[in-house]
Structure formats: structure tokens, C-alpha cells
1. Using alpha-carbon pairs under 8 Å, 6+ residues apart, how would you state the relative contact order of region 301-429 in percent?
2. Roughly how far apart, in whole Å, are the Cα centres of region 45-103 and region 211-227?
3. With the dipole of the chain worked out from charges on the C-beta (+1 for Lys and Arg, -1 for Asp and Glu) around the Cα centre, which of VAL59, ILE133, ALA366 lies farthest toward the positive end?
4. Taking the Cα centre of region 319-427 as origin, sum charge times position over the Cβ atoms of Lys and Arg (+1) and Asp and Glu (-1), and report the length of that vector in debye to the nearest 20.
5. Could you check which residue among LEU262, LEU165, LEU23 shows the biggest mean-square fluctuation in a GNM of the chain with a 10 Å Cα cutoff?
6. Mean Kyte-Doolittle hydropathy of -0.5 or higher plus an axial Cα length of 24 Å or more: which whole DSSP H helices in the chain meet both?
7. Compare the peptides 353-359, 318-324, 365-371, 86-92 by average per-residue count of other Cβ atoms within 10 angstrom and give them in order, highest first.
8. Between ARG388 and GLU205, what is the spin-label point distance in nm, taking each point 7 Å from the Cα along the Cα→C-beta axis?
Amino acid sequence: MTNVAVIGAQWGDEGKGKVVDWLAERADVVVRFQGGHNAGHTLQVASETYKLSLLPSGVVRGTLSIIGNGVVVDPWALLEEIGRLRGQGIPVAPETLRLAENATLILPFYGHVDRLREQRRGKGAIGTTGRGIGVAYEDKAGRRAIRVADLYDGAALRDKVSHLLEHHNALLRGWGAEELLPDELIATLEDVRRPLAPYVDCVWERLDTLRRAGKRILFEGAQGILLDVDHGTYPFVTSSNTVAAAAAVGSGMGPGAVGYVLGIAKAYTTRVGGGPFPTELRDQVGQHLAERGREFGTVTGRPRRCGWFDAVTVRQAVRLSGMDGIALTKLDVLDGIEILQVCTGYRVGDRLLSRLPASQAEQAVAEPVYEQLEGWPGSTASATGWARLPATAVKYVRRIEELIGCPVAMLSTGPDREDTIAMYDPFVD
Ligand code: IMP
């Protein structure tokens, strides 16, 4: 039985939500394994739009949904999202949503610390979502974090909160900011202890049982490979590993459990926040992509930077995550553009590179080398079969496959579930 991991192959916002939703129909369980409520997954089902940040996209279909240990969980955001979905008629219940007892919590002051850090970075700001994601992962690695299970261990919680605040108050004092009181934090945590309790579970054990029973597991990645804390455009990255291997670590399963890796890439490129973006377009074409693609962040509403498809970074993503297939999304946004450019290498000084350099300084000056491809006059919007695509659109897709070294397994031609051309279904084929 093949499990499937859905992984962003660019800087996030590739359209993973729709693809996960499409696959969730055939999955028995959907698992989030990294990131937190910095993610924004939009699902369009019939005339209803669902915006998810923390919940696995399977919840909308009533598929068993699991928040793994690798996720950093803001309990207030989680409860708010559950309430919002219920308001839209989706019955999110403990039978269908499980939360890892060893997941790290995002505490109410983390967002404040995140934003203070950003201010202090000045021009070098990362452009984080301000949700305290990085603070949570730092505390986790610093072995002072509060985890879900700690909420139910009163005596230990007091000690842990004191230890944690000793660290944060030292920092806040140094920055001249107001310090935090342990009793206040403990009282605040009391508010979420009970409502969260029915969802708390030993997730690794449940997943192992499901796997042994031959159930189909869908791992839902958040962000994208270029935001990976090791392999991305460091330091302009998120604080988790976004590569496919993180699916195993972040859910408590062996690497063999991951199965088929489906990368998701837009037919062009976008990025939110700061950091290098070699194929960025600061001209009318970039503006056209932003408008046509409605490129505004789901979580923060910030406009996304837009540019040409970068085959170098997607090829790197394919190799870093062992991607077996790519779902190419938003092809219709390129409709009507006469000449398309695809980046096939970078020039750094007098060197020609076939990969993104690790050095921050070199990433900042890397000049894209483009291959020009013919656009198409017709429309690909809502096409559901290859035969409906203009010949040059098919050529564009085929050339991308060659350049990235990975087959396109799925094409998305619009926001609806039905606007999809599937060449390969990893759960069935
Ligand atoms: P953080 O994850 O909030 O710490 O933000 C770090 C970087 O990751 C910033 O550039 C964010 O814009 C980016 N980022 C975080 N989550 C997402 C996402 O879901 N989509 C796109 N970019 C994201």
C-alpha cells in the first residue's frame, strides 16, 4: 500500500490545499507533520471556500485528520479554526481530529517575540508571518518548550513555565520590553486545557496501527522546500524542515512509510516575505501574474512577489525530496502571455551554475539564465483533459518535465476540484 506525501517544491503557496483535497478522497487519514498556523491552505468545494491554517485538509471531507508531533500548535488558533469550520457546516469532532501529545505549543506571547525580533533585524527582516513559529521551534530545540501533554501535568507545568520564562524574560529585559509573569501564563493555559483534551492522542502509535492495517496515509506538507531551514534560502526560511523526509520525523513513523512523494509547483513562481528570488519580475508581467493569479497571502494578506518558472530550484526540490511526480498548478494564469521564460541556470560573476548556491551572498546576486518558450493564445482554464490544451501549452509542460527531471503527474487548471488533469493517481495506479 502506497502512502503519499504532498510537498511544496517552491516557496510555499503552490496550491497544495487543492491537491491534498483531491487526494484526500482516496486517503484514510491525512497528517500534518511540520509548520503551524503560518500555513494557509484554501479549498474550494462547490461554491464554498474553506481556509485552513492548522487543520489537515482532510477535515473538510470528514477524513481522519492528524496533527503530528512536528507541528507547532497554537491552541487558541486551533480552537478558533475548529469553531469556524463548524460554522461552515463541517462537523470537526474528536473522532476525526487527533492531536499529538508530544507536539510543541505556540504560547500567546510568541507572536510578540517574533515581531520584536523582526523589528530588530531591520532591513534584514525575514518577513515572517508574525505567528511565533520560529520562537516555538527555538524553544523546542532549546528543550524548554511547553508541549501538549504538559497541559495535563499541573505540578510539572509550573516548573516548566518558570524555566521557560527565565529565558524569555532575560531577552525581553535586554530589549527593554515588558516581562512576563508565570502565574498569568499558567492561568491562560488553563483556558485551553479542557477544550483541547478530547483531541489529544498518542499519534505515532495510532499511525503505526493504521499503517499495519493497510490504511492509506496522506502526509500534507506546509510551506515549500525553498523555505526549509536546512535546504532553503537561509536565513530567509521558516524554522522547520519542509522536505519530504520531515513527514516521517514529524509524525513518528519510519522513513519507509512515506511512499510516493508528490511535489507541487506553480507554472510560475511566487514568494511572500524577504529573501532572494532570482526570477522575480518587477514589471508589468509580474503585476499581471499577481492579478490574474490572485497572489495575496492566505494568512497575512500580503501581496506575493511573482516571477517566471525557475526550473533550477524545482529540480533541486525534486532531488532534495526524492519527488516521484509533480502537480503543476495555475497553468491557466499564463494564458495569453506571448513569450514565456523559464530559468535553466544562474550566472554568478563569470560562473554558470546549475543549482542554487548555498551562500547567502551568492544567492543574492545570482542572475537567471533563461530559455524562451512560446506562449499560447487560447485558454487552459478549467481544462480537464490534455486534448483541451493548446499545443504550445503541452510543449511548455513537457519542457518543464525535462528540465526538472520529474514527470508531471497532475495539472491544475483552476481553483475547483474538477479543474484537474490527472495523469497518475498515486493511491490507485
Ligand atoms: P514564519 O514561518 O512565519 O517564521 O516565516 C518565515 C518565512 O516563511 C517568511 O518568508 C514567510 O512569508 C514564509 N512562510 C511561512 N509560511 C508560509 C506559507 O504557508 N506560504 C508561503 N510562505 C510562508
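The values are calculated or read from the model by the stated rules, or taken from the named source; none is laboratory data. Remember, it's a predicted structure, so these values are computed and weren't measured experimentally. We place every Cβ from the backbone using ideal geometry, glycine too, and count neighbours over all the protein chains shown. Heads up: the accessible areas ignore ligands, DNA and RNA and are worked out on the full protein's heavy atoms, side chains in. Shrake-Rupley method; radii C 1.70, N 1.55, O 1.52, S 1.80 Å.
1. Values: 213 pairs, mean separation 38.7, N = 129.
Rounded, it is 30 percent for region 301-429.
2. Taking the Cα centre of region 211-227 as reference, the centre of region 45-103 is 15 Å away.
3. Final value for the positive-end residue is ALA366.
4. Here region 319-427 has a charge dipole of around 240 debye.
5. So, out of LEU262, LEU165, LEU23, the one fluctuating most is LEU165.
6. Details: long enough: 154-174 (30 Å, -0.29).
Membrane-span-like by this rule: 154-174.
7. Numbers: 353-359: 14.0, 318-324: 21.3, 365-371: 16.7, 86-92: 12.4.
Descending mean neighbour count gives 318-324, 365-371, 353-359, 86-92.
8. 4.8 nm
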